[in-house]
Every structure is written in C-alpha cells, then in structure tokens.
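Here's the structure we're looking at; comments come further down.
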There are 2 protein chains.
Amino acid sequence: MGEAGEGWARARLKLDRIHHLGLIVSDLEHSLDSYARLLGSELEVRRRMEEEGMEAALVRIGGERVELIQPLGEGPLKRFLDRRGDGVHHVAWVVDDLDQALGQAAELGQEVVPPGIRLGLGGERVAFLHPRGMGGVLTELVEERP
Amino acid sequence: MGEAGEGWARARLKLDRIHHLGLIVSDLEHSLDSYARLLGSELEVRRRMEEEGMEAALVRIGGERVELIQPLGEGPLKRFLDRRGDGVHHVAWVVDDLDQALGQAAELGQEVVPPGIRLGLGGERVAFLHPRGMGGVLTELVEERP
C-alpha cells in the first residue's frame, strides 16, 4: 500500500553508459589535427550533414568516442557556438531500446528535441532530450546497432 | 630519417577513459533528488570542500559516474555558474600515471590549473588542464587508486 504511493512505481529513464561526448568546434579541420597531435585521437568517421546544419567527425580517444561538430551556416548550432565558444555541446548515452526510453522520458516530463528520432553519425537511431529537464545538459540517447 | 622528423617522437597525452562527468548545479539537494527520481542515480559520496569552494557529490548513473558541484560563496565556480547556468563543468579522464601525464601535458604546451595536483572526491590524485588548449573543455586527469 505505502509502497504503491507517489513515486514508487514511476518510470525511470535507464541510461546505460556514455556513448560519446559531443563537442562543438569552430574549425573541424583544426580540431581534428589538434586532437590527433595532442591526444593521438583516431578518426572513425567524418560526414557533412547538410540537413543537420553541420559537418561532424567521430574520433576515438582512449576507450571513448568524441564527436566533433562544426556548424554549417546559421542555425541553432551556430548560435550555440557564438554564445559559448568551443566546448561540450551534448552528452550521448546508450539506451537499450530507444522507443521505450522516449516513452519513459515523456512520462517523466522530458522534452524531446524535434524532429525526434534521427540517424546518428554511425548510423544508429538517436534522439535528443532538451537540456531544460536534464540539468542543463543536452542529452542524446543512442540505440546501438546489433 | 624521415620518420624522425617533426612530430614523430612527440609526447602525447594518453587519456584512458572517462572517469566522470563534472556538472555544475545551483542546488545540489534538488539535483540529487531530481537525478535519483529521473535516472535512478545512486549517491556514492558527498562532501563539503571549503578549500575548493564547493559542495560536491559523486553519483552513479548506469555504468558511469557523474559529479555534481554546487559552488559555495563567490569564486570561479560561482562565476562559471552565473555565466553559463547548470550544465557540464568539466570532463575527467583516467590516466595511468598523473605525474607522467602532467609532464607530457606541459611538453605539449598545456596549462595546469593551480594549485596543480590535489585530491579528488574519491581520494584520488587529480589535476586540471585549462580549457584553452583542450578545445574549450576543462579537463581533469585522474590517477585511480590501486
């Protein structure tokens, strides 16, 4: 009875582990070169994504992946860069099942950034939760491919 | 000969994996509560560190650790929070040997944030590299305890 009270049976958003760190950069070429020299980072994939208004690269640093994002033209990414400069843009977490995670997120009052589910750099299904409900951190959810 | 040219034998800063994500928060109590309800985060350690001008907590979310930092009074942390609001403050990476890593960082022109080596929340030896040379990301190096 008591255990069935407020909050007990609530959905939770189950984040598994960090998939990658998303960094915004003003000059992708320069950043790729600089991370390679400094940290020995290795390029996994690089792609121009016109619809997302960005050119992005996924690099491996140690056991982690870091996504470097350069805005193309005007838009939200460019405004983010202008306001804050180079730095962390988002944090991506692996979830087991993206549809289920988004259902839980909605139930918990989290706002999904339009257009919802899209394809990530590595071809995974991903979606973004608005920083407002996530402690100021733009949070990407990634469903890894089997 | 050619291989011994510029850049070949250069030191590199070897980052192993992400140790934790450091988030700055305006209200630690509220954030702890909110992350627990939303993500099922588990508190590992919480400590008031007057000398660092902060109260901090390390929580576990999935397979990762997240450090929540509330500034105490005025100082750099409070200024950071006032300027940017709640969000990512730093990214901490595991290094094998902190002294060696700091030597490499210095050789690579990276600036260590004073006072240099200090003790982290979990009692590990840690140091911070200035965001200037690290793509705008305040970078903590953590030597895990054996």
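Brief remarks follow.
- Single condition residue A:7 does not satisfy, out of (1) farther than 27 Å from residue A:144 by Cα; (2) within 7 Å of chain B (Cβ to nearest Cβ); (3) at pLDDT 95 or above: (3)
- Members of region B:126-146 that are of a type in the set (A, V, I, L, M) and within 14 Å of chain A (Cβ to nearest Cβ): B:129, B:134, B:137, B:138, B:141, B:142
- The set of residues from region A:74-88 being under 16 Å from the mean Cα position of the chain (by Cα) and either of a type in the set (Phe, Trp, Tyr) or surrounded by 15 or more Cβ atoms within 10 Å (Cβ to Cβ) (or both) comprises A:77, A:80, A:81, A:86, A:87, A:88.
- Within region A:126-141, the set of residues being small (Gly, Ala, Ser) and in a helix (DSSP H, G or I) comprises A:133 only.
- Considering region A:14-125, the qualifying strands (runs of 3 or more DSSP E), each wholly inside and each with 3 or more residues that are within 12 Å of chain B (Cβ to nearest Cβ), run over A:17-24, A:54-61, A:64-71, A:87-95.
- Condition check for residue A:60: over 27 Å from residue A:12 (Cα atoms), touching a Ser or Thr at 6+ places or on another chain (Cβ under 7 Å) and without any contact (Cβ under 8 Å) to a residue 24 or more places away in the chain: yes
The values are calculated or read from the model by the stated rules, or taken from the named source; none is laboratory data. As the structure is a computational prediction, the values presented were derived from the model and not from experiment. Positions of Cβ are generated from backbone atoms using ideal geometry, with glycine treated the same way; all protein chains shown enter the neighbour counts.
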